[in-house]
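Below you'll find the structure, written out as C-alpha cells, and then a few comments.
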Amino acid sequence: MPRIQSCILANLNHYFRLGDDDQRLLRDLEKDPAQMRSGQPLWTADSPVDQLYIIQSGWAYSFRDNPDGGRQVVDILLPGDVAGLRELTFATHISEARMITEGVVYPFPHHRILDIMENSTPLSMALLAAFARQEAILTERLLLISQRSARARIAHFIIETHTRLNRVQPTDLSGFYLPLSQKLLGELLGLTSVHVSRSLSDMTRDGLLTKARHHIEVHDRDRLFEEADFDDRYLSSAMSGLHARVEDTA
C-alpha cells in the first residue's frame with residue numbers, strides 16, 4: 001500500500017532541502033496517527049505541555065477565552081503545520097486547541113524536538129523557519145486588526161490561507177475549501193459575526209467572492225488582492241545567507 005504523502009515534509013521542504021536522513025527523522029514522528037473528530041480538543045488550557053501535533057489532514061485552531069466570555073482565535077492550523085510549537089518551552093498550555101473539521105494528526109512527545117536538534121541542522125532550521133512564519137502571521141494579523149477595514153481583513157485572510165494551502169498541495173484560488181463559520185472568522189479577525197456577515201454580503205454583491213458554508217469562490221482575483229493590499233513577504237520561504245551554511249553542516 002503506497003505511503004500517504006507527508007504534508008509536513010511538503011511544507012518544510014520549501015525552506016531547506018531535506019535529505020533521506022532528515023526525512024527518516026520526520027517519518028519517526030508520524031508513526032501513530034490519531035483520527036480526530038470535529039470539535040475534539042488537541043489540548044486544553046493549563047494542561048501539561050508534553051506533546052506536539054503534526055496536522056496531516058483537517059483543520060484546527062488555537063484560542064484563548066477572555067474573562068468577559070469572549071474568545072480570541074490565535075491560530076488557524078492547516079495540514080503541514082506543527083501544532084503546539086509556540087508553547088513548547090512552557091510547563092502548561094496558556095491556550096486551547098480544537099479541531100475545526102475531522103482529520104488525522106500525529107501526536108509525538110515534545111522532547112523529540114531535541115532529537116531533531118541534535119541530529120539534523122537542516123530539519124531543525126526548517127522547523128524554525130516554519131515557526132517564524134507562524135509568528136509573522138500573528139504580527140500581520142495584529143497590524144490588520146488595528147489598521148484595516150473588515151473587508152480588507154477578510155480579503156487578506158482568504159489570500160493568506162490560500163497561499164498556505166498551496167504550499168502543501170496545489171489549490172485553486174478561484175474555489176477552495178474554507179470550513180470556517182462567520183463566528184470563528186470574526187473571533188480570528190476581531191469582528192462580530194454580524195459585521196462578518198455584512199462584509200461578506202457586500203463583497204458578494206460587488207462581485208469579489210461568494211462564501212458558502214465550507215467553501216469560498218473568488219470571482220475577481222485582482223480586485224481581491226487590491227482590497228487586501230496583500231504583500232506575501234511574511235510568508236515567503238526566501239532567506240538570506242542560511243542555505244549555504246546549512247548545506248555545509250548537512
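The values are calculated or read from the model by the stated rules, or taken from the named source; none is laboratory data. Remember, it's a predicted structure, so these values are computed and weren't measured experimentally. Counting neighbours? That spans all protein chains shown, and the Cβs are built from the backbone with ideal geometry, glycine included.
The number of residues in segment 182-197 being over 16 Å from Leu77 (Cβ atoms) and without any contact (Cβ under 8 Å) to a residue 40 or more places away in the chain comes to 7.
Scanning segment 128-144 for any residue that is under 30 Å from Gly241 (Cα atoms), within 19 Å of the chain's Cα centre (by Cα), charged (D, E, K, R) and surrounded by fewer than 15 Cβ atoms within 10 Å (Cβ to Cβ) turns up at least one such residue. Scanning segment 206-216 for residues that are on the phi < 0 side of the Ramachandran plot and exposed (fewer than 14 other Cβ atoms within 10 Å of the Cβ), we see that the one that is modelled with the lowest pLDDT is Arg213. Number of residues in segment 217-250 that are within 30 Å of Leu127 (Cα to Cα), surrounded by 13 or more Cβ atoms within 10 Å (Cβ to Cβ) and under 24 Å from the mean Cα position of the chain (by Cα) equals 9. Restricting attention to segment 52-77, the residues that are surrounded by 18 or more Cβ atoms within 10 Å (Cβ to Cβ) and either in contact with a Phe, Trp or Tyr (Cβ under 9 Å, 6 or more places away or on another chain) or of a type in the set (A, V, I, L, M) (or both) total 13. Within segment 204-250, if we keep just the residues that are free of Cβ contacts under 8 Å to residues at least 12 places away in the same chain and of a type in the set (Ser, Thr, Tyr), the residue that is farthest from Glu135 (Cα to Cα) turns out to be Thr204. Across segment 95-111, the number of residues qualifying as farther than 16 Å from Ser181 by Cβ and either surrounded by 20 or more Cβ atoms within 10 Å (Cβ to Cβ) or touching a residue at least 12 places away in the same chain (Cβ under 8 Å) (or both) comes to 11.
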